[in-house]
Structures are given as C-alpha cells and as structure tokens.
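Take a look at the structure set out below.
The values are calculated or read from the model by the stated rules, or taken from the named source; none is laboratory data. As the structure is a computational prediction, the values presented were derived from the model and not from experiment. Cβ placement follows ideal geometry from the backbone for every residue including glycine, while neighbour counts extend to all protein chains displayed.
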Amino acid sequence: MVEDITGLLEVWVAGWAGCRGYSTAKEGRFPAALRADTSGEWEYFASEPTDDEFAALAAKTAEVPPRVLTILTNDIARYSAMAGRYGLNVTSDSQTMMIVDMETQDAEDPWLSDDDLSVSTWEENGVHYAEVRSGDSVAASGRVFVVGDTAVFDKIITEPGFQRRGLGSFIMRALAAKAFEHDVQEGLLLASVDGQKLYSHLGWTTVSRVLMLSASQDGSDLSLS
C-alpha cells in the first residue's frame, strides 16, 4: 500500500480535529489545529518537511511555549537534531501513525461476554462515540470521525482497572460498525506504544513514526490527550 503521507496527515488532522471540535487552518502547505480544550494554542503538523519548511514551523512553534510541532517522519534523528537549533525539545517520539483497509475489519456490532459490563454508542456533531461501563464506572471508550472515505479513530482508552480483558478490541469493533454507516475505505489513527500492539493484532500497519516538539518540557500523547 503506497501512501501519500502528507495527504494522510491532512485527513488525519481533519478527523482528529473533528473528533475534538478543534478549529483547523493551514501553515504553509501543512495543517494546524487550535487545541482549544487543552493548551488553547496552535499545534502545527508536517510530514518530512524540507529544512526551510521546518525552520519556519519551528520558529512559529517556539514563539509560545505551549505550541507543539508534530512531525511525521521515519528519520527521527534528523528532525530531533534540527529542533535544538530553534529551542525546541523532543516531548514524544514513540507514537506512530497507523492505517488499515476497512474491508478487513468486522462490520458487525460486537457483543460483550461479561454480564457486568454494558455498552452504549451515540453520535453527536458527526462524531460516533462508544463506551463500555461497569456500573457507574467507565471501563473503556473511544470515538471515530469520518473524513471522505476515511474513518479516523481517536481516544481509544481502557481504564487501568479493566485492562487485559479485550475491551480495547471491543471498542474498536463497535466504532468500526458505526463507521460502516458511511462509505469508508481506510482507517487512520495515531497509536501509543501500548496501542501499537493492539492495532497490529487487529490488522493495522504503521505508516510513519511521530515526533512531537515544543519549547516547553511537557510531553503529550496525541492519541489520548
């Protein structure tokens, strides 16, 4: 599967922003999103930018410490070294962008084998949500937003007390069933180290590594935070 990484990045940002209600814009030829619910600042994105493009984005990011520059690249060392020249720190380099052919995913609503757990799904402002609860406690949750023919999955979380019970896979299947209400061809997401194991098991493959840079020391996980 040969992919246009910049094109995938634009689709992912649109879907991620859609999941979270963020405003988006362009910075040069790359997308940006205003993280209104967290830092209140812009996050800039780029895939394999040229030295000049990186310099412009890094300078913009360094103007305000809460701003973040996220690079899709398989040459982490190159951009990490360049970041220091502009006063930026590496806050995360362990996430990956992953992709799946949605035809390989289960289109049926899944069912829970544990009677103590209940599932609910709903849609709001174009975002499909899925949640598993144990009594009053949320056990696992996630969301998906469709951009064109791509389903962008976000915030797939299993709470610590409920891990290793297959709930991450369950949430992904529940969201996929909702995504199939649209004419979807591909799925996209950003995965943490733990998430990469789950998604690989479900047939997802890695497109690119993800490098996050900021003038502050605060780390972040785009797939969750």
Residue identified as outside the structural domain of VAL11 (by TED's automatic domain parsing) and either in contact with a helix residue (DSSP H, G or I) (Cβ under 7 Å, 6 or more places away or on another chain) or farther than 20 Å from TRP12 by Cβ (or both) among GLN163, GLN196: GLN163
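For region 86-129, which positions are under 30 Å from PHE54 (Cα atoms) and of a type in the set (Phe, Trp, Tyr)?
Within region 86-129, just TYR86 meets the criteria.
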Any hit, region 156-176, residues being touching a Gly at 6+ places or on another chain (Cβ under 6 Å) and in a strand (DSSP E or B): yes
Criterion violated by SER23 - all others in (1) in contact with a Phe, Trp or Tyr (Cβ under 8 Å, 6 or more places away or on another chain); (2) modelled with pLDDT of 95 or more satisfied: (1)
Of all residues making up region 177-208, the number that are hydroxyl-bearing (Ser, Thr, Tyr) and assigned to a strand (DSSP E or B): 3
Selected residue (criterion: nearest to TYR22 (Cα to Cα)) from residues of region 48-63 that are over 22 Å from the mean Cα position of the chain (by Cα) and surrounded by 15 or more Cβ atoms within 10 Å (Cβ to Cβ): LYS60
Some residue of region 141-158 being over 19 Å from LEU112 (Cβ atoms) and more than 16 Å from the chain's Cα centre (by Cα): yes
Residues of region 66-95 classified as touching a strand residue (DSSP E or B) at 6+ places or on another chain (Cβ under 7 Å) and either in the same structural domain as ASP154 (by TED's automatic domain parsing) or not hydroxyl-bearing (Ser, Thr, Tyr) (or both), total: 13
Selection from region 184-206 of residues that are of a type in the set (A, V, I, L, M), closer than 28 Å to MET82 by Cα and either out of contact with any Leu (no Cβ under 7 Å at 6 or more places or on another chain) or at pLDDT below 95 (or both): LEU189, ALA191, VAL193
Identity of the residue in region 49-90, touching a residue at least 40 places away in the same chain (Cβ under 8 Å) and part of a helix (DSSP H, G or I), that ends up nearest to ARG35 (Cα to Cα): THR61
Scan of region 1-47 for residues that are farther than 24 Å from ASP149 by Cα, surrounded by fewer than 19 Cβ atoms within 10 Å (Cβ to Cβ) and of a type in the set (D, E, K, R), ordered by number: GLU27, ASP37, GLU41
Top-ranked residue in region 1-20 [being among the aliphatic types (A, V, I, L, M) and modelled with pLDDT under 95; ranked as nearest to ARG143 (Cα to Cα)]: ILE5
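Could you tell me whether any residue of region 103-122 is surrounded by 17 or more Cβ atoms within 10 Å (Cβ to Cβ) and farther than 19 Å from GLY203 by Cα?
yes
A quick yes/no check of all residues on (1) touching a residue at least 24 places away in the same chain (Cβ under 8 Å); (2) closer than 18 Å to ALA107 by Cα:
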site: THR150; (1), (2): yes, yes
site: PRO160; (1), (2): no, no
site: ARG164; (1), (2): no, no
site: MET172; (1), (2): yes, yes
site: GLU186; (1), (2): yes, yes
site: LYS197; (1), (2): no, no
site: HIS201; (1), (2): yes, yes
site: THR205; (1), (2): yes, no
